[in-house]
1. Which of the residues belonging to region 57-107 are closer than 26 Å to S32 by Cβ, surrounded by fewer than 19 Cβ atoms within 10 Å (Cβ to Cβ) and polar (S, T, N, Q)?
2. Could you tell me whether W19 is touching a helix residue (DSSP H, G or I) at 6+ places or on another chain (Cβ under 9 Å) and outside any helix (DSSP H, G or I)?
3. Scan region 66-84 and give yes if some residue there is under 19 Å from A14 (Cα atoms), in contact with a Cys (Cβ under 9 Å, 6 or more places away or on another chain) and without any contact (Cβ under 8 Å) to a residue 60 or more places away in the chain, otherwise no.
4. Out of curiosity, is I76 at pLDDT 90 or above, within 12 Å of the chain's Cα centre (by Cα) and in a helix (DSSP H, G or I)?
Amino acid sequence: HVRKIADRRERRAAEELVWRGSLLPRLQARWSALAASVFIGACEGLFHLPLFFKPESDQAATGLPVFLLGSIAGAIILSCVFNNTSGSLLLVQLFHIFANTWITLFPAMPTDNVVSQWIFSGLLVVIAGLVLVACGTRRLSRSSEPRRPNAPK
């Protein structure tokens, strides 16, 4: 069980290096922060697709549409964190770990607890909506100038 948790942590760290560390700055150089976040969120959700074929997983219990919606909302929130912290992957990673604590505390299996994952996805959607209202769709940042690092060339 301990090894399983360690494997999950390693994958999550690698995820943020790819999604926010590499892909987000490149996409935001061409697209609005919202468009980049929706794209990354959809990719992130589909990245977990193999887990939907594993009956004991939270993803299988939650269902693809709800999980995908939560992934997109989560990507919007994480992009906002990234853009408002000068591209800090540490803070993005800490937020990601904090968000994933919900799954550890309220696993969707057995199916009696699927509602907890739907509530979690709903909370992510509400928070993402508040982020969009507070920060705008273009930069997902409260400052007029982006403080994020420039996209690699």
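1. Within region 57-107, T85, S86, S88 qualify.
2. Values: touching a helix residue (DSSP H, G or I) at 6+ places or on another chain (Cβ under 9 Å): yes; outside any helix (DSSP H, G or I): no.
No.
3. Scanning region 66-84, I find at least one residue that is under 19 Å from A14 (Cα atoms), in contact with a Cys (Cβ under 9 Å, 6 or more places away or on another chain) and without any contact (Cβ under 8 Å) to a residue 60 or more places away in the chain, so the answer is yes.
4. Working: at pLDDT 90 or above: yes; within 12 Å of the chain's Cα centre (by Cα): yes; in a helix (DSSP H, G or I): yes.
So I76 fits the description; yes.
The values are calculated or read from the model by the stated rules, or taken from the named source; none is laboratory data. Here the structure is a predicted model, which is why all the values come from computation and not from measurement. Using ideal geometry, Cβ is built from the backbone for each residue, glycine included, and neighbour counts are taken over all protein chains shown.
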